[in-house]
Amino acid sequence: MRLHGDVSDGEEDAVMDPALLSSSSPNGAAVAAAVSAPRLVVGYALTKKKVKSFLQPKLLLLARKKGISFVSIDETHPLSEQGPFDIILHKDYHEVHPEVTVLDPPNAIEHLNNRQSMLEEVADLNLSSFYEVCTPRQLVIMKDPSSIPTAVAMAGLTLPLVAKPLVVDGTSKSHELSLAYDEASLSMLDPPLVLQEFVNHGGILFKVYIIGEAIQVVRRFSVPDVNTYDLLNNVGIYRLPRVSCAAASADHADLDPRIAELPPRPLLEKLSRELRSRLGLRLFNVDMIRELGANDRYYIIDINYFPGYGKMPGYEHIFTDFLQSLGQNNYKRSLSEG
């Protein structure tokens, strides 16, 4: 296990933003001298987009102060020739080195890459006698757009319907959502997809970020409510705006308190604990809405693995604390086994 070893020259070269992090720089030397915690090496294999959004300078600097180094995994070389790592996302490495914490198991992540299987673990949740947590009724369409109107009618779904790509693959296309107002327009959709009944929710969505046992909730502006007039006067398919960007934040907006009120903390803690157990994951977020006029009924409409934590206020503190706790648990386990 690697908790007290030094990062080699080759590994140091792989750390993001060497100007900030290298102990050979003037600022880096001062930071390195302040490190008192056991050294923690985190290997990562992220897309360029995720590296840019997640490994921000404020995270890297704080991590360095806490004795945490982020090292890029070179996917063109065998993983056995790299590292050693304390925390990593790679199934094969974990099988050979069980002492390494894997964030998170690839087979568990795969469960969230399909919007049909994604919400299966939510269907039978019974978290509270006071609050109901459920999912919108939905229908999976694999092919043949012309069959969609009939399939919707047979399933008894009520318009309007939110159309979402079935597969979540990290591309912007997999997050392109549409709202179908009328039955005739359904055949214009492009399967494979999931159709969810639209639930009026005051135009506010709650993004529940989960990092281990830590929970943070932010408000995002969402799709406005749909009334009878809208249904009678709108036809066709309407592209919905993305609500994940920080620009859609509603945390400081002047909202009706009944709509702006965050979900109860005890409910979120139970939800987080139950989903961590069922999904086998520690890094994800939940998109949750509260049904308009029903303060005790919440719907989970999406679950995302390793979301845009960089958009979460203070994420660098929560995430580095999480990594440190993993490292401490590993260290205690190595002592008890040694």
Among the residues of the stretch 281-309, how many are open to solvent by 20 Å² or more (accessible area, probe 1.4 Å), more than 11 Å from the chain's Cα centre (by Cα) and not polar (S, T, N, Q)? 7
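Would you mind listing the helices (runs of 4 or more DSSP H) fully within the stretch 86-195 where at least 2 residues are farther than 18 Å from residue 286 by Cα and not hydroxyl-bearing (Ser, Thr, Tyr)? Spell out the reasoning first.
Working: elements: 91-96, 106-110, 115-118, 148-155.
Result: 91-96, 106-110, 148-155.
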Residue pairs meeting the criteria (Cβ under 6 Å; at least 6 apart or on separate chains; first in a helix (DSSP H, G or I), in the stretch 221-239; second of a type in the set (Asp, Glu) and open to solvent by 70 Å² or more (accessible area, probe 1.4 Å)): none
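Out of 5, 28, 10, which single residue is modelled with pLDDT under 85, open to solvent by less than 20 Å² (accessible area, probe 1.4 Å) and over 29 Å from the mean Cα position of the chain (by Cα)? Spell out the reasoning first.
Working: 5 fails: open to solvent by less than 20 Å² (accessible area, probe 1.4 Å); 10 fails: open to solvent by less than 20 Å² (accessible area, probe 1.4 Å).
None of the others qualify; the one that does is 28.
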Counting only residues that are under 16 Å from residue 214 (Cβ atoms) and of a type in the set (A, V, I, L, M, F, W, C), how many does the stretch 254-266 have? 1
Of the residues in the stretch 132-153, those that are under 30 Å from residue 264 (Cβ atoms) and open to solvent by 80 Å² or more (accessible area, probe 1.4 Å) number 2
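The values are calculated or read from the model by the stated rules, or taken from the named source; none is laboratory data. Worth saying up front: this structure is predicted, and the values here are computed from it rather than measured. Backbone-built Cβ (ideal geometry, glycine too); neighbour counts: all protein chains shown. Protein only, heavy atoms only, side chains kept; ligands, DNA and RNA dropped before computing areas. Shrake-Rupley method; radii C 1.70, N 1.55, O 1.52, S 1.80 Å.
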